[in-house]
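Structure record follows, encoded as structure tokens.
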Amino acid sequence: MNCELLATCSALGYLEEDTYHKEADCLESVKDLIRFLRHEDDTRDVRQQLGAGQIVQNDLLPIIIQHGQDKALFDACIRLMVNLTQPAMLCFGKVPDDPVFRHHFLQITSHLQAYKEVFAGEAVFGILSETLYTLLQLDWEQRQEEDNLLIERILLLVRNVLHVPADPCEEKKVDDDASIHDRLLWAIHMSGFDDLIKFLASAQSEQQWSMHVLEIISLMFRDQTPETLVSAGHARSAEEKHRDCQDLVALRQKEHAAKRSRTLQRGTRHSHFGGSYVVEGLKSIGERDVIYHRNVHNFKSYTHDTGKAVRRVPKRNRQVRECKDKRRSALNVRLFLREFCVDFLENCYNRLMYLVKESLIREQTQQHDETYYLWALSFFMSFNRGNGFRADLVSETMTIRTFHYIERNITNYYEMLLTDRKEATSWSRRMHLALKAYQELLLTVNQMDCSQDESIRQSSSVIKCNIFYLMEYRDIFLTLLRKYDETRQPQSYLKDLVESTHLFLRMLERFCKGRKSLMVQKKKVRRRRSHGKKKPSAAETSPEALAETWKIVEEELKASGFQLSESLTESTVPFDATSETPLEEQRTEAMVRVQDALLVRLAPEALGLLRAAREVWPEGDVFGSTDVEPEEELELLKQILHANLPRTSPPEPAAEDDDDAAELEEEELESVQISEKEFNFLDFIKRFSNPSIVRPYLLLLKSYSKNTPHTNHCIARMLHRLAVDLKMDAQIFQLSVFNLFNKILSDPAAAAYKELVTFAKFVVNRFFSLAAQNNKAYVELLFWKNVGAVCEMTEGYSKDGEGTKPTWTEEEEEELRNLYAEHRYSEVPDIVETLLPLLNSTRTRRQVVTQLVHMGLVENAKALKKQKKGTQIVIWTEEQEDELQMLYEEYKDSDDVLGDLLKKLTAKRSRARVVDKLLSMGLVSERRELYKKRSRNAHGKSSGKGMTEEEFIDELTQGLPDDPGDRDDENKEEDESEESEEEEEQKRETQNAKRRSQSLPSSVGRIPDVSTMVSALLQKGMSGPLLWLQNSLYKTAKDRKTDELAQDVPLLPLSDENDDAMENKSFLGLLRKLRIRPPKNNQECFWRIPAQISVSQLQSAAAALSPREEDPNGGREQDSSRSPTGESQEEEEVSGEQRALRALLITRKRKHHNSEHTAAASDFSPPKETDNTPERSREKTATKRSRVLDDDEENEDDSAMVIDMETNDDTDSDREDISAPVKRRRKFALIDEEDDED
């Protein structure tokens, strides 16, 4: 021992006979030992030295027994012993693989076993019980923090001592003999510590110790089984006596058979020479028959493997070792534990399990603490079933939540078993524990069915309805059987799994028999593989299909409340920052992805992608504004679904060999669809007809002699279901199975396995009946067979060549070889496409490519790849660059420069590559120069020089017809013909514009109808803020006409009235309708007019704010003026000027009709603005003209009022004279406007 440790231990005191004399600095020495333990190395040297010095046996335990009144010293000793008794596994983390560390691990384990033997005395637990009882007597208010720490340390000390494993070399005890663990339990009982444990489990004020209590209880019952505790103190039942008699009979039969076999092996006379025999028909290594040199009686056990070295099985392929067997404790210990179980179930079980379950769900426990919960559930529920079943004692764990919790743990344990291979054994044990708990739940539900209480039977029926309805609970045993691995999971696990499956099927079968039909849940996972972006088919994009799709998507989004999960939000990425694709094209691709998600009815994914794209591309509100409402998002998704988006056609996959071609990486999209179907028990059993499920049953059957009769019955019942109920007996026709059947039939104790013997005879008879009809049945014995192989074996094999690939005859091969040699060096772009129509037989492209590779004419399928259209050529030669420059100089003034270049280029290329080359050569400075130009009128951009005012107006208005009041009846036909021509031209332009606008559904291109909102704000007396907003829009439009670089313009409310309006919800709603964006972050204070809004849109928005009065035609005017026409942006920029000039023409014609009205058309202006801003009216006369026309000619009263302001001298009679012509002109002008818009 280290000298410092030795000196510290000597300073504690000394033991003289039974009296311990402590030193003066005993407390400081204990604290020094705690400090030494805190700084020990990886070998745990301090712990080993203290264990070798027996510090616990000679010093610490005598101190707490004889000097327990010294509270500080008692606390320090308890703290030190908690550290010294902690498990060796906790010290090293795991069982070390290194031999040196493995030695240290075993040394510490031996010291712990010595500690446990000393603790198995009543004196130690007596002082611990007294101290714990004194602390628990204190109320919660009187209890100090030190008291809580001492309670926890005492519980941890008891847990550590109980956790120490037994020493198998020292404790060679038989059943009913007291081991060290039994003596420790008896000391706990005699000291009354078990009563304190039950108090802690049941007291409401002590619920913080629930996890410690459950650990101690599980360690107390570590070596016990519920069956042995239930039968403790009771005489053996008749069933137990019968079972023991059967076991004795089987053993006696085996003994007699062995004795008879030995008798037959001895000859009638003694002979030193056993003899040599020739075995006819059994060949040796050479060509001769085998010569057998032993006694003829031993020939039955002859094998060619005799004398061979046994092949060593790799460690990874060995079967996992079973845990140690349970032993039966002394009778007094079993009786005490039985009484403890009864009291615990009646007073503590439900409350303690509830507290532990809540702690586990809230993750307030340590890792793997759920194993204590699973053990307690299976142990005490099993004890309750055997000890006079009472459902109310275990009501806390008899819920659907418990089924779900255990099923989830089983799934988690299996996943960790596959991933964490180093700890596979530990995960396998936890999985076995969870399976036992699940099995016990099923057994308890089955027991509830037999109860005399109607309410208990009803509760059982409710639980069964739930577990049989959900697919997770029905399929769990199928999954576990299919995934069984004997190298990681012990045979005891397989035994419990087979018995649980048998119980579940029996319950399910009985449940189905009592009902005419049973509806169950069905989950279908649809996997869609996409080889790239594929354009939806016509059936998917038909109006009926789109309407049905939108109905489903809308219902799903409304049901979810437009809420998305965090995982979906984080995983949605609308663009690729590393891609060379420009952001504009990626924006279009993002829109296409949203549409694809909507087409496959993935509403949450589409909404998440839309919101993510809005954050990446906020400009222009293409994906909606930042403060968009859910209803507006829904409308935007509908527009995207019905839009005709531009899609890039994916390159056609190259033709490759069917057998040798590597599989391409494919994206799998999964969608789970939940539905209901009628349950059929026989169809469910068919799912067990699988070699991966039958194999574990036969693996367990190999140990039939060690299995219990119930386990053998479960195996035989499942095989009977497959062979008889499903008529799949051929699935068991396997050589290893027949070898096992032979062993069962020849077993001397075969009478004890009557069920297995009967089944084996049935299967063997069925095989020989089939072998008489199918001469290949003996070969089939070598293989495991699935359903298809079984059908072929019993019903007949498919014909030769049926279902195989079409073969090539010699003539066809020669024809293909000649054609390939003829066209091999031709300059055709695709030789395979050339050969296909020349072949006499009908072949596909893939078949021709495969045959060419097979014949060796080409090296591989890649040499015959189909060329991509337009994008294969990457390098530009000098001749191609000169050709491009010459063509650009020729067509640079045309309306469609890029289209003409693509048509004339010799080497076909994609539009993107041609645009990039033009930019790199400096022929164009930006992509906008290559956009297709719009032809506005017959004369192009005419300045109007050399023309009269009437000609200029007629040209700009595109032949607008005159007022009908100035024409005679004979001119009406000519007017109608001119109108029809204009209508056709306007319709063609509108259709072209709509076709272009559908390529990307954007909300920027139109101004919404805000007349209702403007009227509401005027009624609230907010005409001043509306005028301020209108002036701001006009000023911004004027500035953007002169300035090419547009920027966001803030709205500055300088007056109090405007400042109050910026806090009004209705006014802010108007701003949002006009697409004026709010402040983005804390650095911005004002609303801003976005830079993306064009000049014409600003003018239209400002005109929409003009106050108007309601009239019968108002609605038609608003609709015609506000309806989106889908025109391009270039047309919108000049629309204001055209409409202003059209208004000037109408006004001049009115003046001609009313000769007494001589006022100039330039004096037209709204009365409100004329009164309020006279200076602005004089400066911006042209702008006001456009505003008058933007409102599509105010109603009749407005027109009359404007004319009255122009003349200033008209009388009432004059107004009456002109009222009728004005109405007729108004009506005709409206018709004209509607035709233009159409």
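The values are calculated or read from the model by the stated rules, or taken from the named source; none is laboratory data. Keep in mind that what you see is a predicted model, and the values were worked out from it rather than measured. Reconstructed Cβ throughout: ideal geometry from the backbone, glycine too, with neighbour counts over all protein chains shown. Quick note on the areas: whole protein, heavy atoms, side chains included, nothing else; ligands and nucleic acids left out. Shrake-Rupley method; radii C 1.70, N 1.55, O 1.52, S 1.80 Å.
Which semi-axes, in whole Å and largest first, does the equivalent ellipsoid of region 372-435 have when worked out from the alpha carbon gyration tensor as the square roots of 5 times its eigenvalues?
Values for region 372-435, descending: 28, 13, 6 Å.
Work out the charge dipole of region 699-753 with +1 on the Cβ of Lys and Arg and -1 on the Cβ of Asp and Glu about the Cα centre, then indicate which of Gln731, Thr708, Leu719 is farthest towards its positive end.
Going by the charge dipole, the pick is Thr708.
Starting from the Kirkwood radius over alpha-carbon pairs of region 682-838, derive D by Stokes-Einstein at 10 °C in a medium of 1.306 mPa s and give it in µm² s⁻¹.
It comes out at roughly 82 µm²/s.
How many percent of the alpha carbon pairs in region 163-257 exceed a separation of 20 Å?
For region 163-257, the share of Cα pairs beyond 20 Å comes to 60 percent.
Residues with beta-carbon under 14 Å from that of Glu881, excluding Glu881: net charge, scoring Lys, Arg +1 and Asp, Glu -1?
Once all neighbours under 14 Å are counted, the net charge is -3.
Roughly how much of Thr306 is accessible, in Å² to the nearest 10, using a 1.4 Å probe?
Its accessible surface works out to 80 Å², give or take rounding.
How much space per residue, in cubic angstrom, does the convex hull of the C-alpha atoms of region 307-387 take up?
Taking only Cα atoms, region 307-387 has a hull volume of 190 Å³ per residue.
Multiply the residue separation of Arg845 and Arg351 by 0.36 nm, subtract the distance between their alpha-carbon atoms, and state the gained length in nm to one decimal.
In short, 170.6 nm is gained.
Pop the C-beta distance of Asp895 and Ser675 into the FRET formula with R0 = 51 Å and round what comes out to the nearest 0.05.
Rounded to the nearest 0.05, the efficiency is 0.35.
Simple spin-label model, 7 Å along Cα-to-Cβ: Lys523 to Ser692 in nm?
The modelled label-to-label distance comes out at 1.8 nm.
Just add up the charged neighbours of Leu481: K/R +1, D/E -1, any other residue whose Cβ is under 14 Å from the Cβ of Leu481.
After counting each charged neighbour, the total is +2.
Once you have all Cα-Cα distances for region 49-124, histogram them in 10 Å bins from zero and send the whole-percent values.
Computed distribution, short to long bins: 18, 46, 26, 10, 1.
Regarding region 47-184, what whole-number volume in Å³ per residue does the convex hull of its Cα atoms give?
129 Å³
So between Phe783 and Asp830, what do we pick up on full extension, going 0.36 nm a residue minus the alpha carbon distance?
Extra length available between Phe783 and Asp830 comes to 12.2 nm.
Based solely on C-alpha atoms, express the radius of gyration and the Dmax of region 1-115 in angstrom.
14.4, 46
Using a simple spin-label model with points 7 Å from Cα along the Cα→Cβ vector, what separation in nm is obtained for His234 and Val313?
Going by the 7 Å Cα→Cβ label model, 3.9 nm.
How compact is region 91-170 by the rule of thumb for globular proteins, expressed as Cα Rg over 2.2 N^0.38 Å?
Compactness ratio reported: 1.47.
What's the extension gain from Thr906 to Ser1055 if we count 0.36 nm per residue and subtract their Cα-Cα distance?
47.0 nm
For q values of 0.14, 0.19, 0.21 Å⁻¹, compute log₁₀ I(q)/I(0) with the Debye formula on a Cα-only model of region 722-803, without solvent.
Treating every Cα as an identical point scatterer, log10 I(q)/I(0) equals -0.50, -0.84, -0.99.
Rank these by accessible area, largest first, 1.4 Å probe: Glu813, Glu23, Glu889, Glu280.
Glu280, Glu889, Glu23, Glu813
Can you tell me the Rg and the Dmax, both Å, for the Cα atoms in region 323-447?
Using the Cα atoms of region 323-447, the pair Rg, Dmax is 15.5, 45 Å.
Assuming R0 = 25 Å, what is the FRET efficiency of Gln367 and Ser110, from their Cβ-Cβ distance, to the nearest 0.05?
So the FRET efficiency works out to roughly 0.35.
What nm value, rounded to one decimal, do you get for the distance between Asp627 and His39 when each label is placed 7 Å out toward the C-beta?
6.5 nm
For region 426-494, what is the Kirkwood hydrodynamic radius in Å, using each pair of distinct C-alpha atoms?
13.7 Å
If R₀ is 25 angstrom, what is the calculated FRET efficiency for the pair Tyr302 and His713, using the beta carbon separation as r and rounding to 0.05?
0.10
Cross-link list Lys933/Lys1035; Lys892/Lys1038; Lys422/Lys483; Lys94/Lys315: which exceed 21 angstrom alpha carbon to alpha carbon?
Among Lys933/Lys1035; Lys892/Lys1038; Lys422/Lys483; Lys94/Lys315, the Cα-Cα distance tops 21 Å for Lys933/Lys1035; Lys892/Lys1038.
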